[in-house]
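Below is one structure; the comments refer to it alone.
Just so it is clear, none of the values below were taken in a lab; they were calculated from the coordinates. Everything numeric here is computed off the predicted structure, so don't read it as measured data. Glycine gets a Cβ as well: all are built from the backbone with ideal geometry, and neighbour counts include every protein chain shown.
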Amino acid sequence: MTKKLKVATIGGGSSYTPELVEGFIKRYDEFPVSELWLVDIEAGKEKLEIVGNLAKRMVKKAGLRIDVHLTLDRREALKDADFVTTQFRVGLLEARAKDERIPLKYGVLGQETNGPGGLFKGLRTIPVILDICRDMEELCPNAWLINFTNPAGMVTEAVLRYSSIKKVVGLCNVPIGMEMGIAKLLGVEHSRIRIDFAGLNHMVYGLDVFVDGESVKEKVFSLLTDANNTSFVKNIPGYGWEPQFLKALNALPCPYHMYYYKTKTMVDKTLESAEKEGTRAEVVQRLEKDLFELYKDENLNIKPPQLEKRGGAYYSDAAVRLITSIYNDKGDIQPVNTMNAGAIASIPYDSAVEVSCIITKDGPRPLTMGDLPVAVRGLVQQIKSFERVAAEAAVTGDYATALLAMCINPLTPSDTVGKEILDDMLEAHKEHLPQFFKESGV
Ligand code: G6P
């Protein structure tokens, strides 16, 4: 009898689940998962049923022996799991819409993982992930935690700092999206591309780009000056980079860097589209409605192509590629969020970074990147400080710490505006921030 291989996915009712299931089906030969437990909360019960039944049909069509379980009992799902993947959203898309809308009232970027929105997503998410970690210590102490929940960098930082879980990897689809996008621009197969990634989640730079081991950085820079070539994820339009700026920067920015190097344009565009078609969360709410209608179709037994309109494309590839490499001790190179351990000289040893790593059965081993170029080092360090202070605020529920996190974020224009946004958002998200509303809280 083959050994049981159990995966628990928290936030299993997510519209992204068919991506993940497709990944497990494609890589079944290398990773023969026998039980997939999709977990959600009461409020996500209906979605869990719909997406879970689609998952079952997908597995049946593939002719594989994967038992798909749907449950609201997280502890039952975690018991003896080998891998735990997390893709939940505290407060659902309604909370994300508030993260996006409220800062815009103050002329500040409203975005899921950057600026005040990223801070609040972290404040809501970190207590929940730490609770999951406590359950894991008890129910599946040997399992790997593969976190996809945003803000993925801050969440990984919090797990490393505030839990006893060491087997944690944070994952994002931005690096793989950049690799795929650049491969396409260069007209080469994805497998021939390698990018040396270093930085933080949604703040990662490509320090060099190789095709078959030869650097093509200069060529890639010249392609990225064209706006059509710079949208590597569906949720961020591309606006092209100034050629001389890019050359001088001498590193490949990720799509999220547009919020930092083109702040005014991005705030204006975000405002404009919020007025025209709604914020990204509101657009996604409509997309999700359509997706769930499709998922209900009993004849559907594959991942529908419409899911590719979401920003998380290639998520399954990234997630299952990582899990498969850990399971098989592959030793291939993948960019993930993990403890720096000296890989990037200018970031603390014990902080989470997003960096190219060798993936082994003992987890990611970061490749040594040395120091970041001086022109990018400061911004990365600033965001790292922001993430650390934000994680501390999430754990302590301390108002002054949250205010500090808000005001040191480079997208917050002043301490006064920062305080106004903070107060507004604390009130709006009260229900999901109990740590700030204890007796002695605000
Ligand atoms: C990108 C990011 C993810 C994020 C997603 C949002 O791909 O890397 O971290 O969750 O976009 O996509 P959405 O379709 O929800 O706007």
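Okay, here's what the table says:
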quantity	calculated
Trypsin sites (Lys or Arg not before Pro) within region 342-396, DSSP loop, no more than 13 other Cβ atoms inside 10 Å	Lys361
Relative contact order (%) - region 1-147, alpha-carbon pairs under 8 angstrom, separation at least six	26
For region 275-398, share of DSSP beta bridges that run antiparallel, in % to the nearest 5	90
Relative contact order of region 124-282, pairs being alpha-carbon contacts under 8 Å that are 6 or more residues apart, as %	15
Vicinal HN-Hα couplings computed from phi for region 253-264 (Karplus, 6.51 cos²θ - 1.76 cosθ + 1.60; Hz; Gly/Pro x)	x, 8, x, 5, 5, 4, 5, 9, 9, 9, 4, 5
Value of relative contact order over the chain, rounded to a whole percent, pairs C-alpha under 8 Å and six or more apart	18
Electrostatic dipole magnitude of region 1-138 [Cβ: Lys, Arg +1; Asp, Glu -1; Cα centre; debye, to 20]	320
Unit charges at the beta carbon, dipole of the chain: most positive-side option, Thr360, Tyr28, Asn340	Tyr28
Once the Cα gyration tensor of the chain is diagonalised, semi-axes √(5λ) in Å	30, 27, 22
Least to most buried among Cys172, Cys357, Cys133 (fewest other Cβ within 10 Å first)	Cys133, Cys357, Cys172
Lys/Arg +1, Asp/Glu -1 at C-beta; region 121-278 dipole; positive extreme among Ala227, Ile195, Ile132	Ile132
Test item: Cα-centred dipole of the chain, Lys/Arg +1 and Asp/Glu -1 on Cβ, debye	560
Centre separation in Å (Cα based) which lies between region 2-17 and region 196-263	33
Near-label residues of region 60-78 by backbone N, under 12 Å of a point 7 Å along Cα→Cβ of Leu5	65-66
Cβ-based charge dipole, the chain, positive-most Cα from Ile182, Ala143, Pro413	Ile182
Cα shape, region 88-236, gyration tensor, a/c 1.5 rule	oblate
Cα centroid of region 111-138 to Cα centroid of region 375-442, whole Å	13
Kirkwood hydrodynamic radius of region 329-442, from inverse mean 1/r over distinct Cα pairs, in Å	16.2
Region 348-365 - phi-based ³J(HN,Hα) in whole Hz, Karplus 6.51/-1.76/1.60, Gly and Pro as x	x, 3, 9, 8, 6, 10, 9, 8, 5, 9, 8, 9, 10, 5, 8, x, x, 10
DSSP-defined antiparallel bridges as percent of all bridges, the chain, nearest 5	55
Ascending count of other beta-carbon atoms within 10 Å, so fewest first, for Thr86, Thr9	Thr86, Thr9
Stokes-Einstein D (µm²/s) once Rh is taken as the Kirkwood radius of region 236-381 over alpha-carbon pairs, at 20 °C in 1.002 mPa s	114
Burial ordering of Val355, Val376, fewest other beta-carbon atoms within 10 Å first	Val376, Val355
Region 39-95 - charge dipole about Cα centre, Lys and Arg +1 at Cβ, Asp and Glu -1, debye rounded to 20	320
